[in-house]
Amino acid sequence: MTELSDRPSSRVLPAWAANFVIVLVIGTLWPVARLTASQLNPYVVQVILLIGINIVMATSLNLINGITGQFSLGHAGFAAVGAYVTGVLVNYLAAHDQLAGHEWLAMIVFLPLGGIIAAAMGLVVGIPTLRLTGDYLAIATLGFGEIIRIVITNTNRIGPLEVRGSQGLRVPVISNLFWTYLWVIICVVCVWRLVHSIKGKAFLAVREDEIAAAAMGVNTTFYKVLAFVIGAFFAGVGGGLQATGFFLIDPKGFGFMQSFLYVVMVVLGGSGSVTGVILAAIVLTWLPEQLRSLKSLHVEDLRMVTFSLLLIVMMLVRPEGLLGRRELWWTRRRLAAPSPAGNP
């Protein structure tokens, strides 16, 4: 009789070694980020920052759409919540001359706070809406994202805090490559370990067959809401990174098209593949910037046409995405032990 086991194979790094590698990468991130920022063109640095933010956004949405099998179109709404919470608080400190010398404290406190408030919004929205499925869930989350954008657009002040919704909010640039990619590491490691844990099998069970999962005792509503809350938290952090890294934020930048772009990253990379979504986020951020060279040929409109055609070709040639549900290495294969011949 075949014995199935969740024990890692001999090729899997022990937990202490994996943790050591993560700490080592974080430790070397600061000097590498400083050196990179000083040696590269500021425009290139901005593109690298945007790649990191999009990795956070796409990876967090992948937990909801790809791994848990839901269909959310309101991810940019959670990013807007995190962006404005972080941006407004940073502006408040700057207006009272308390920001200078305390930028690191603002990044440690305000970024997670924006993520927590976005997660709370995800909980409030997720409890009633995640009982829906398919198109109904997509419409509900799309409506939530638009409500957030409209509320921010029509809000000028909240007590002593200046929001300047319709005018755009100017935020001091205190983020850099270190903070952005620190949160990239945190987001990817958290999602990876959550998915490839024993508890993470419940998310996959909900995606594969929600009715069968419920029949086996899985609290499907709890795990759908949990995925929604975790994804919303990291989306809020991504919005905060955008607010503190690009000087100006505007509610128009958190509309439906931005949410749709994150969905495209998940689909193109492969729904359920963490590393595939990271590759897609890099490609879909870098490629439009390379196509900006068409502007010199006075055919700027062809830039997005070319980008769209490339996506269509990709979906026709490889509809399952770059990696499908696979990962770049063998860790994914250990989720089920191989069965001997004759025992499928």
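Since every read-out is calculated from the coordinates, none of them should be taken as a lab result. As the structure is a prediction and not an experimental result, all values here were calculated from the model. Cβ sites come from the backbone with ideal geometry, for glycine too, and all protein chains shown count toward neighbours.
Observations on the model:
- CD proxy at 222 nm, helix term only [per DSSP H run n ≥ 4: -39500 (n - 2.57); per residue of the chain; nearest 500]: -22000 deg cm²/dmol
- Pairwise FRET efficiency - residue 308 versus residue 170, Cβ, R0 = 35 Å, nearest 0.05: 0.60
- Distance in nm between pseudo-label sites at residue 315 and residue 28 (7 Å out along the Cβ direction from Cα): 4.0
- Protection proxy ranking for 136-145, 188-197, using the average of other Cβ atoms within 10 Å per residue and placing the highest first: 136-145, 188-197.
- The ranking of 206, 225 from fewest to most other beta carbons within 10 Å of each one's beta carbon is 225, 206.
- Protection proxy ranking of 86-98, 230-242 - average other beta-carbon atoms within 10 Å, highest first: 230-242, 86-98
- Over the chain, all Cα pairs binned in 20 Å intervals from 0 give whole-percent P(r) values of 29, 58, 13, 1, listed from short to long.
- Reducing the stretch 166-206 and the stretch 93-161 to their Cα centroids gives an inter-centroid distance of 15 Å.
- Within a Gaussian network of the chain (alpha carbon springs, distance under 10 Å), most fluctuating of 199, 252, 224: 199
- Its Cα centre serving as origin, the chain has a Cβ charge dipole (Lys and Arg +1, Asp and Glu -1) of approximately 440 debye.
- Stretched out straight at 0.36 nm per residue, the stretch from residue 41 to residue 16 would grow longer than its current Cα-Cα span by 5.2 nm.
- Note on the stretch 215-243 and the stretch 251-282: Cα centroid distance 16 Å, given to the nearest whole angstrom.
- With both labels modelled 7 Å from their Cα along Cα-to-Cβ, the residue 216 to residue 264 distance reads 3.6 nm.
- Viscosity 1.002 mPa s, 20 °C: Kirkwood-radius Stokes-Einstein D of the stretch 97-227 over Cα pairs, µm²/s: 119
- In this label model, residue 104 and residue 257 are separated by 4.0 nm, measuring between points 7 Å along each Cα→Cβ vector.
- Taking a span of 18 Å or more along the helix axis (Cα atoms) and a mean Kyte-Doolittle hydropathy of at least -1.0 as the rule, the DSSP H helices of the chain that qualify are 15-39, 42-62, 75-95, 103-129, 134-153, 177-195, 220-245, 256-269, 274-290, 301-317.
- Ordering of 124-134, 53-63, 37-47, 258-268 by packing [mean C-beta count within 10 Å, highest first]: 53-63, 258-268, 124-134, 37-47
- Summarising the amide proton neighbourhood of residue 171: residues at separation of 5 or more, or on other chains, whose placed amide H is nearer than 5 Å comprise 247, 248, 249.
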